[in-house]
Amino acid sequence: MAAIRGLFYGAAIATRHLNDPAFVAALLQECGMIVSEWEAQWAALEPVRGKPDYTALDRLVEFAASNGLLFRGHSGIWYKRVPDWFGAINDRAEAERLMLEHVQAKFSRYRGRVQSWDVLNEAVDLRSGRPDGLRREVLLDKFGPGYIDLLFHAARAADPQALLCYNDYGVEYDTPWHTGRREAILALLRGCRSRGVPVDVFGIQAHLRIGARFNADIWARWLDEVAGLGIKLMITEIDVTDAAAPGDIAERDRQVAAEYERFLAPTLKSPAIIGMLAWGLSDRYSWIVRGTEPYHKRPDGLPPRPLPLDADLKRKPAWQAMADAFGGLPSR
Ligand code: XIL
């Protein structure tokens, strides 16, 4: 349905999921695109300095190419996934050279085979107390905010065809925290545009949850402001945490589907939106079901049901909500 509307639809997968034939069959049926859940992170590729290993990521990129799927790389640099040895480098010039060499090597290796790259992930955190809202993390500590420009320019040079994304979370809901993050991210994107930094897309992670306040008008206006900068929009990691929903499966699935629906209706209407990826396809493999973050866990201990397919790969109401959201759009 997404493809009929001129949008792409896909999901995050990890290389080990390719060993599950039933899952792969479902993936090929449902998706036109995949994104690497873990394999492209610097810490995954080069845990030991000077010994990068691209085997797992190669497998994902080749799987996409041989099955006619678009491939999206996640991520260029994410403060949480830089190798420990990089954090330990004190010489600023050496650290900068190694960071840019890594991006150059990773992006040029797959040049022409990547639809988009998250060049930079999650650089904003207002708890820093900085006027620009940038997060205090290893890269900012080493280089100051100028590293952002360097990264995007290096990415463009290494793969001129890939869409270059700034990807972040915590923007969609109507709370003071989300409002502050929207302002800081808009300012970051505006600054990049004004300096000629090649940011093509804002990636909306969209880790949704039941029970949060949402105002479709405020959200749509913010999307318009981003689009007004000449930046495209992509939903990059959508899923729904159901910890606040009742245990009953039918009721829970209904609430999860409703959460997808209320977010997708205004978001997919933006003329700047180019596609959507879920952070996993099936409840069989999801960071929420693994309980990666404490707030993912349900108080009753039942397994969460965040994604469009259940753990048996059957379509849930969430799948229907997505299909309906795409189906309600005009063709373009
Ligand atoms: C999660 C992954 O699913 C895990 O496999 C990983 O170990 C931790 O992070 N925002 C992101 C993703 O950009 O990389 C995160 O993925 C989810 C939050």
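Every number here is computed from the coordinates shown, using simple stated rules; none is lab data. These numbers come from a predicted model, not from an experiment. In this analysis, Cβ positions are derived from the backbone assuming ideal geometry, glycine residues included, and neighbour counts consider all displayed protein chains.
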What is the ratio of the Cα radius of gyration of the range 1-131 to 2.2 N^0.38 Å, with N the residue count, to two decimals?
1.18
Quick one: length gained pulling R262 to R332 fully straight, 0.36 nm per residue minus the C-alpha distance?
23.0 nm
How do the peptides 165-172, 12-19, 115-122 rank, highest first, by the average count of neighbouring beta carbon atoms within 10 Å per residue?
115-122, 165-172, 12-19
Less than 9 Å Cβ to Cβ from L164, Lys/Arg counted +1 and Asp/Glu -1: what total charge do the surrounding residues give?
-2
About its Cα centre, what dipole magnitude does the chain give when the only charges are +1 on Lys and Arg Cβ and -1 on Asp and Glu Cβ, stated in debye to the nearest 20?
400 debye
Taking 0.36 nm per residue of separation between E225 and K80 and subtracting their Cα-Cα distance, the length gained on full extension comes to 49.3 nm
I want to make sure I understand the PRE zone here: with the label point 7 angstrom from the Cα of D58 toward its beta carbon, which residues in the range 80-124 have backbone N atoms less than 20 Å away?
102-115
Explain nothing, just the number: relative contact order of the range 187-332, from Cα pairs under 8 Å at least 6 residues apart, as a whole percent.
24 percent
What's the angle, to the nearest 10 degrees (0 to 90), between helix 176-194's Cα axis and the longest principal axis of the chain?
50 degrees
Residue-span extension gain [D248 to W177] - 0.36 nm each, minus C-alpha spacing
22.5 nm
Working note, the range 223-309: Cα radius of gyration (Å, one decimal) and Dmax (Å, whole number) are 14.7, 45
R290 paired with A3, simple spin-label distance in nm, labels 7 Å along Cα-to-beta-carbon:
2.9 nm
Going highest first, how would you order 185-197, 249-261, 30-42, 293-305 by mean Cβ packing within 10 Å?
30-42, 249-261, 185-197, 293-305
With P271 itself left out, Lys, Arg at +1 and Asp, Glu at -1 over residues whose Cβ is under 13 Å from its Cβ give +3
Using the Kirkwood radius over C-alpha pairs as Rh, can you work out the diffusion coefficient of the range 83-217 via Stokes-Einstein at 4 °C, viscosity 1.567 mPa s, in µm² per second?
81 µm²/s
Can you compute the helix-only [θ] at 222 nm over the chain? Use -39500 (n - 2.57) per DSSP H run of at least 4 residues, normalise by all residues, nearest 500 deg cm²/dmol.
-12500 deg cm²/dmol
Gyration tensor (Cα) of the range 66-123, equivalent ellipsoid semi-axes in angstrom
26, 12, 8
Rounded to the nearest 10 degrees, what's the angle between the helix 216-228 long axis and the longest principal axis of the chain, both from Cα atoms, 0 to 90?
30 degrees
Roughly how many nanometres apart are two label points built 7 Å out from the Cα toward the Cβ at A323 and R111?
4.2 nm
Can you compute log10 of I(q)/I(0) for the range 154-302 with the Debye formula, treating each Cα as one identical point scatterer, at q = 0.08 Å⁻¹?
-0.25
Förster-model FRET efficiency, 56 Å R0, R130 and R16, C-beta, rounded to 0.05
0.90
In vacuo Debye sum over C-alpha of the range 112-180, base-10 log of normalised intensity I(q)/I(0) at q = 0.17, 0.18, 0.26, 0.29 Å⁻¹, listed in q order, is -0.72, -0.78, -1.14, -1.25
Short version: what are the Cα gyration tensor semi-axes of the chain, square root of 5 times each eigenvalue, largest first, in whole Å?
30, 23, 20
By average Cβ neighbour count within 10 Å, what is the ranking of 47-58, 200-211 from highest down?
200-211, 47-58
Those residues of the range 95-125 whose amide nitrogen sits under 17 Å from the label point placed on Q161, 7 Å along Cα→Cβ
106-118
Net +/- balance of residues flanking G10 in space, Cβ distance below 9 Å, scoring K and R +1, D and E -1
0
